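The values are calculated or read from the model by the stated rules, or taken from the named source; none is laboratory data. Nothing here was measured: the structure is a model prediction, and the numbers come from that model. Counting neighbours? That spans all protein chains shown, and the Cβs are built from the backbone with ideal geometry, glycine included. To get the accessible areas, we keep the full protein, side chains included, count just its heavy atoms, and leave off ligands, DNA and RNA. Shrake-Rupley method; radii C 1.70, N 1.55, O 1.52, S 1.80 Å.
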Amino acid sequence: MFMLPEIKPNEVLIYLRKSRTDDPSLTAQEVVCKHEQLLDEWCEKNLGELVPEYNRYREIVSGETIAARPEMQKVLHLIEQPRYKALLIVEPQRLSRGDLEDIGKLIKIFRFTGTLIITLQGTFDLTEERDRDFMSRELMRGNDYLEYSKRIMRNGVRASMEAGYYIGSEPPYGYKKTRVKIGKKNVPTLEIDESEAPAVQMIYRMYASGCGAEKIRQALVLHGYRPKKADYWSDNIIFRILDNPHYIGKIRFNYRNEKSVIQDGEVRKTRASNKTPTIVDGIHPAIIDAELWEKVRQQRSARHVPATHSTKVLSYPLAGLVYCECGSIMIQASKSQGRKRRIYCKNQAECGNVSVILDYVMETVSSALLSSLPDVSADVGNHDTLPAHSVDVLQGR
């Protein structure tokens with residue numbers, strides 16, 4: 001750390017973002033505004049005037065990694081230009097609380113661009129080994145604290161869910177989020193949404209009586225019920241409601257496990273369904289009774305169709321290719337004894353378009369392709385560069 005050299009305000013970039021260590025009662029905008037005032041005071045004292053607005057970058061939605069922070073990516077791209085001499089931040093850990101890969105990337109960029117890191121505590125030049133070592137340890141300390149905070153939060157979340165509290169971001173269809181007082185605590189839970197709960201009861205009663213998703217969907221539309229975040233009722237929405245134990249007063253967690261995997265050399269997060277989630281008693285009221293829940297479980301088990309293995313013959317060759325005029329994808333109807341296969345719109349209950357026999361569609365597509373063949377040409381380049389068997393195919397052998 002050393003004394004600040006002579007730098008003009010337009011040669012400085014400002015980067016602001018909210019951190020987990022900030023006051024949780026303040027919004028991201030309030031934290032950024034508060035920190036910006038501190039940096040402006042520093043600028044007036046040390047630079048004589050403020051850094052221009054076009055050199056300020058505010059990260060309102062902050063991710064853990066550089067890849068998840070678009071404003072940080074813009075800053076790192078800009079400091080590759082020699083005209084930017086320094087980056088002004090509140091403290092080193094605002095740069096990143098990511099892993100060793102992120103820390104190494106930051107150190108390398110600031111070291112080889114020669115860009116100074118200015119904080120309220122001092123100025124750092126990462127071309128100097130001592131400053132580089134200090135910044136590495138400071139960023140690593142931030143990552144350690146982040147991992148510790150996440151572990152504490154996970155433990156708190158699990159304890160809350162085991163106590164029967166609902167801490168999800170979105171309530172299940174048929175419920176609204178609320179808070180109730182238990183002892184001295186004001187805890188989160190669910191209350192019944194009287195405008196949606198009858199739809200849930202209808203779905204369960206109809207399915208238990210033998211109705212399929214299509215009839216249930218038609219009944220929901222007829223009675224004027226709409227899903228929360230979709231334009232129309234789909235099979236998946238209906239089945240998710242039928243499989244959700246919240247409706248009998250339970251809390252389910254560990255239902256979808258997040259796992260980090262390596263794909264194309266990059267770490268990516270995937271979420272897979274857990275066949276054995278944890279289910280505990282909730283403190284919220286039930287919408288359906290246990291007897292109806294069990295009837296539905298029996299029906300779900302009896303109607304379960306195992307997934308087709310990849311070794312099986314493709315039964316619907318146009319899967320994912322045919323769309324209804326309303327914009328929804330066309331899917332193949334369940335095969336019925338003695339009837340020809342048909343495809344229909346997933347949004348059929350809303351758009352009203354009828355199904356069509358798959359063979360007719362295949363004949364139409366085949367005719368269109370055959371009539372277009374005379375107009376098709378291909379430039380395969382130099383045959384010498386192709387495998388021998390490919391040349392045989394091209395020459396009709």
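For this structure, a couple of remarks:
- Of the listed requirements (1) closer than 21 Å to Asn236 by Cα; (2) hydroxyl-bearing (Ser, Thr, Tyr); (3) modelled with pLDDT under 80, Tyr344 misses just one: (3).
- The number of residues in the range 97-122 that are out of contact with any Ser or Thr (no Cβ under 8 Å at 6 or more places or on another chain) and open to solvent by less than 20 Å² (accessible area, probe 1.4 Å) comes to 5.
- Residue satisfying condition, being surrounded by 10 or more Cβ atoms within 10 Å (Cβ to Cβ) and modelled with pLDDT under 85, within set Leu292, Leu369, Leu373, Leu314: Leu369
- Whichever residue in the range 15-28 is open to solvent by less than 60 Å² (accessible area, probe 1.4 Å) and assigned to a loop (DSSP other than H, G, I, E, B) and, among such residues, is modelled with the lowest pLDDT: Asp22
- Checked against the criterion of being of a type in the set (Val, Ile, Thr), assigned to a strand (DSSP E or B), modelled with pLDDT of 90 or more and surrounded by 12 or more Cβ atoms within 10 Å (Cβ to Cβ), the range 249-265 has at least one qualifying residue.
- When Ile287, Ile279 are screened for being under 16 Å from Pro172 (Cα atoms), part of a loop (DSSP other than H, G, I, E, B) and at pLDDT 75 or above, only Ile287 passes.
- Leading residue by the ranking (farthest from Ala86 (Cα to Cα)) among those in the range 58-69 that are open to solvent by less than 40 Å² (accessible area, probe 1.4 Å) and not in a helix (DSSP H, G or I): Gly63
- Residue match in the range 204-223 (condition: under 28 Å from Ser160 (Cβ atoms), modelled with pLDDT of 95 or more and not in a loop (DSSP other than H, G, I, E, B)): yes
- Just one residue in the set Val51, Val12 is within 23 Å of Asp131 (Cα to Cα), at pLDDT 90 or above and either buried (at least 17 other Cβ atoms within 10 Å of the Cβ) or among the basic types (Lys, Arg) (or both); that residue is Val12.
- Qualifying residue in the range 124-134 (condition: assigned to a strand (DSSP E or B), under 23 Å from Tyr84 (Cα atoms) and open to solvent by less than 20 Å² (accessible area, probe 1.4 Å)): yes
- Of the numbered criteria (1) over 25 Å from the mean Cα position of the chain (by Cα); (2) open to solvent by 40 Å² or more (accessible area, probe 1.4 Å); (3) within 30 Å of Arg94 (Cβ to Cβ), the one Tyr148 fails is (1).
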